[in-house]
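K.L.:
Before we start, here is the structure in question, set down as structure tokens.
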Amino acid sequence: MKELEQNINKIQQNIQRAALKSGRTSEDITLIGVTKTVPVDRIKKSLHYGITQIGENKAQELLSKYDELEKLIHFHFIGHLQSNKVKYIIDKVQLIHSVDSYNLAKKINKEAQKHSIVMNILLQVNIAQEEGKFGMTKEMLYQSLYPIAQLPYVCVKGLMAIPPYTEQPEKNRGYFQEMRQLFIDIKHKNIDNIHMEVLSMGMTNDYQVAIEEGATMIRIGSGIYGERIYTNAKEGK
Ligand SMILES: *Cc1c(COP(=O)(O)O)cnc(C)c1O
């Protein structure tokens, strides 16, 4: 069996097991292949084994792969998004996971209006309150909910988090539980235009725990494609 196929099969089995532990099935969990630094050929191969949705974290890199893949695959934007880059990706992605301020949501609203589309977004929470990491604090999140709900070309679909990197996934269980609690709490507010359907959390090292605690969408890079090799100096574009 090929390496990619093996990796993906293993992950799908783990998804199923973790989903059962939380009273769900693998159909309740969406697997996003994180393809930063992964060449288009390899992405196409993974498509063959069931990766139909991919996440990119840089506008420039997404654009460079878009033409070759757009008919085959759905793109998600998962990285920090600068306001001046919104216009490049707005008509190319089906979900922006990483909205971390009202101002960014407002900018997305403005660009979406130009294309007459409603952009689906997740609100990113800095759940471990890590210094220098993107994402809103819980307080910011609650403050921004009502203003963001007013934006007609933006639709909030849920929440996203990136807990600290760890090789011991149990260390992040508490953060995943906190995210789930936030998700439920906001859902109960029944705010118009704020839907809590997607809880995007869990990466290669901790996705099983994330699913056990309620993740509906997981983002896996190295677990599928292998360790990332950064070739040229990372560009911020
Ligand atoms: C890189 C990245 C991932 C995937 O990380 P792995 O540990 O390789 O699975 C998931 N989410 C975001 C936002 C990322 O930038």
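The values are calculated or read from the model by the stated rules, or taken from the named source; none is laboratory data. Worth saying up front: this structure is predicted, and the values here are computed from it rather than measured. Positions of Cβ are generated from backbone atoms using ideal geometry, with glycine treated the same way; all protein chains shown enter the neighbour counts. Keep in mind that these areas ignore ligands, DNA and RNA; they rest on the heavy atoms of the full protein, side chains included. Shrake-Rupley method; radii C 1.70, N 1.55, O 1.52, S 1.80 Å.
K.L.:
What are the residue pairs meeting all of these: first residue in the range 64-93, first residue within 16 Å of the ligand (Cβ to nearest atom), second residue open to solvent by 80 Å² or more (accessible area, probe 1.4 Å) and modelled with pLDDT under 95, Cβ atoms under 9 Å, and 6 or more apart or on different chains?
P.N.:
Pairs found: LYS85/LYS237.
K.L.:
Considering the range 153-185 alone, what residues qualify as being in a helix (DSSP H, G or I), touching a helix residue (DSSP H, G or I) at 6+ places or on another chain (Cβ under 7 Å) and of a type outside the set (Phe, Trp, Tyr)? Explain how you work it out, then say what you get.
P.N.:
Restricting attention to the range 153-185, the residues satisfying the condition of being in a helix (DSSP H, G or I) are 169-185.
Narrowing the set further to residues that are touching a helix residue (DSSP H, G or I) at 6+ places or on another chain (Cβ under 7 Å) leaves 169-170, 172-173, 176, 182.
Passing the criteria: PRO169, GLU170, ASN172, ARG173, LEU182.
K.L.:
Spot the failing condition for PRO169; the list is (1) in contact with a Lys or Arg (Cβ under 8 Å, 6 or more places away or on another chain); (2) open to solvent by less than 80 Å² (accessible area, probe 1.4 Å), and only one is missed.
P.N.:
Every condition holds for PRO169 apart from (1).
K.L.:
Do we have any residue at all in the range 17-32 that's modelled with pLDDT of 95 or more, touching a Ser or Thr at 6+ places or on another chain (Cβ under 8 Å) and part of a helix (DSSP H, G or I)?
P.N.:
Looking for residues that are modelled with pLDDT of 95 or more, touching a Ser or Thr at 6+ places or on another chain (Cβ under 8 Å) and part of a helix (DSSP H, G or I), one finds at least one in the range 17-32, hence yes.
K.L.:
Would you check which residues across the range 66-103 are assigned to a helix (DSSP H, G or I), within 20 Å of ASP41 (Cβ to Cβ) and within 18 Å of the chain's Cα centre (by Cα) and list them? Spell out the reasoning first.
P.N.:
Going through the range 66-103, the residues assigned to a helix (DSSP H, G or I) turn out to be 66-69, 83-89, 102-103.
Subset that is within 20 Å of ASP41 (Cβ to Cβ): 66-69.
Once the filter is applied, which keeps residues that are assigned to a helix (DSSP H, G or I), within 20 Å of ASP41 (Cβ to Cβ) and within 18 Å of the chain's Cα centre (by Cα), the range 66-103 yields only TYR66.
K.L.:
Regarding GLU68, is this residue open to solvent by 30 Å² or more (accessible area, probe 1.4 Å) and under 23 Å from THR231 (Cβ atoms)?
P.N.:
Details: open to solvent by 30 Å² or more (accessible area, probe 1.4 Å): yes; under 23 Å from THR231 (Cβ atoms): yes.
Taking the combined requirement at face value, the residue satisfies it.
K.L.:
Out of the residues in the range 151-166 meeting the condition of being of a type outside the set (Ser, Thr, Tyr) and loosely packed, with under 15 Cβ neighbours inside 10 Å, tell me which one is farthest from the chain's Cα centre (by Cα). Break it down stepwise before answering.
P.N.:
First, the residues of the range 151-166 that are of a type outside the set (Ser, Thr, Tyr): 151-152, 154-164.
From the residues that got through so far, the ones that are loosely packed, with under 15 Cβ neighbours inside 10 Å too are 152, 164.
Numbers: PRO152: 22, PRO164: 15 Å.
Filtering first and then ranking leaves PRO152.
K.L.:
Just give me the residues in the range 8-38 being open to solvent by 40 Å² or more (accessible area, probe 1.4 Å), touching a Phe, Trp or Tyr at 6+ places or on another chain (Cβ under 8 Å) and under 20 Å from ASN57 (Cβ atoms), in sequence order.
P.N.:
THR37
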